[in-house]
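Below: the structure, in structure tokens.
The values are calculated or read from the model by the stated rules, or taken from the named source; none is laboratory data. Just so we're clear, the structure is a prediction, and the values are computed from it rather than from any experiment. Please note: Cβ atoms are built from the backbone with ideal geometry, for glycine as well, and neighbour counts cover all protein chains shown. In case anyone asks, the SASA skips ligands and DNA or RNA and just uses the protein heavy atoms, side chains included. Shrake-Rupley method; radii C 1.70, N 1.55, O 1.52, S 1.80 Å.
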Amino acid sequence: MLGNSLSGMRVVDFTQVAAGPLCTQTLADLGADVVKIEAPQGELCRALAPFVEGQSLGFMALNGNKRSIALDLKDPQHRAAALQLAADADIVVESFRPGVMQRLGLGYEDVRQRNAGVIYCSISAYGQEGAWKHKPGVDGVLQAVSGLMSVTGLPGSAPCKVQVPIVDMVTGYIASIGVLGALARRNLDGTGQWIDVGMFASAVAMQQMAFASYFADGVAPERIGSAAPYAAPNEAVRCEDGWVMLAAYHPSRWEALCNVLERTELLGDPRFKDLSGRIAHRQELVALLEERMTRRPRNEWLALFEAADIICAPINDYSEVVTSPAFISANLRETVRHPEAGDLMFARTPLRAVGEKTPARRPAPLVGEHTQEVLQEAGISWDHIRDESQSAAREEK
């Protein structure tokens, strides 16, 4: 089963906020044992709203199926324990700025000297190399600097970001793909490697088609709202009581659309004769479509379009998404019982084989919930670490 693909693999997770935690949660969803190492006060995402009973929903959404161990990496005894855990792991994932893990003695070379086969994945804003490697970055900043914000929104509007942290999400998934590729390579020759995943590069990769067009003609794309720059009609169109997303740019579907709308004269209109013409005259085309479509409710048009094999969908808000047949039949809602926040609902992982019913994730851990358990498994005495740390602190005083 897909959910057991990484069973027996140990992941040590030094990540925070979104991109890194999504990567390691993906590995956990595939069956890996993920041990999250946090500062005693918890990682940064635990402080982000909204909260339920004092627990961050964002943190809980990205850290299911993990165990948490609380270590102060400024403390030599705690660092030694973290290094031992990393050296015993199959995979290490970290999301500090480049150089931080090396200064802590927990960098790739530090771990590799003890475990030559380790797969070590570093996630950062701009990668481990290059002029900007030490710059900090968060999702909105990366949407801006990668060009994504320049093409998001309505024509003439202020810069607009995608509301969900799309760069974080894409970076997390790219990182997990890199880890899986490295695992496949290690299965062949036993070698580990250091994977470099940058949010900037991931954001650019997400825009491959747009950059290909820019490289071809040198014209920077502009904001065009819901429309696809490469096809028309392929955009949001207004109905009497709402909106639909309509993709009828293939010649046979364009003809079907004109027939359904009873606007067959558009087929002979020289402005709309071919795809290039429809793109060039998109504004006039949409106005003509909406002139007819605003006469009837959305659901009536959707039924007619689907009967004619025209690709379309309602533009749903979240309340409509979670009650839709697609969401329900895919079983995308899961209920998790958290020890502090109680029963909570999250979106279930989409990773599954045909016929597989994935169980709900275990709840995200409390800070340090599994510290003694994990250390004991590794043969490390937490009492000894605590006593040594307290003794060193007294000596410093």
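Data overview
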| read-out | value |
| --- | --- |
| Test: D33 is at negative phi, without any contact (Cβ under 8 Å) to a residue 60 or more places away in the chain and open to solvent by 20 Å² or more (accessible area, probe 1.4 Å) | yes |
| In the range 342-362, the residues that are in contact with a Leu (Cβ under 8 Å, 6 or more places away or on another chain), part of a loop (DSSP other than H, G, I, E, B) and either aliphatic (A, V, I, L, M) or surrounded by 15 or more Cβ atoms within 10 Å (Cβ to Cβ) (or both) | R348, L351, R352, A353, T358 |
| Complete set of residues in the range 28-43 that are assigned to a helix (DSSP H, G or I) and either β-branched (V, I, T) or within 13 Å of the chain's Cα centre (by Cα) (or both) | none |
| Single residue of R67, R46 found to be under 26 Å from A81 (Cβ atoms), in contact with a strand residue (DSSP E or B) (Cβ under 9 Å, 6 or more places away or on another chain), open to solvent by 10 Å² or more (accessible area, probe 1.4 Å) and part of a helix (DSSP H, G or I) | R46 |
| Restricting the range 89-148 to residues that are assigned to a loop (DSSP other than H, G, I, E, B) and among the aromatic types (F, W, Y), the residue that is farthest from K66 (Cα to Cα) | W132 |
| Single residue of E377, E369 found to be within 27 Å of L85 (Cα to Cα), without any contact (Cβ under 8 Å) to a residue 40 or more places away in the chain and over 24 Å from the mean Cα position of the chain (by Cα) | E377 |
| Checklist (1) open to solvent by less than 70 Å² (accessible area, probe 1.4 Å); (2) within 28 Å of L73 (Cα to Cα); (3) touching a Leu at 6+ places or on another chain (Cβ under 9 Å); (4) part of a loop (DSSP other than H, G, I, E, B) applied to L375, failing item | (4) |
| Index of the failed condition, F346 passing every other in (1) of a type in the set (F, W, Y); (2) at pLDDT below 95; (3) within 16 Å of N65 (Cα to Cα) | (2) |
| Residue match in the range 193-207 (condition: out of contact with any helix residue (DSSP H, G or I) (no Cβ under 8 Å at 6 or more places or on another chain), part of a helix (DSSP H, G or I) and open to solvent by 70 Å² or more (accessible area, probe 1.4 Å)) | no |
| Per-region count, the range 139-150, residues open to solvent by 50 Å² or more (accessible area, probe 1.4 Å) and either farther than 14 Å from S202 by Cβ or touching a residue at least 24 places away in the same chain (Cβ under 8 Å) (or both) | 3 |
| Residue match in the range 90-103 (condition: more than 17 Å from W194 (Cβ to Cβ) and either among the polar types (S, T, N, Q) or surrounded by fewer than 24 Cβ atoms within 10 Å (Cβ to Cβ) (or both)) | no |
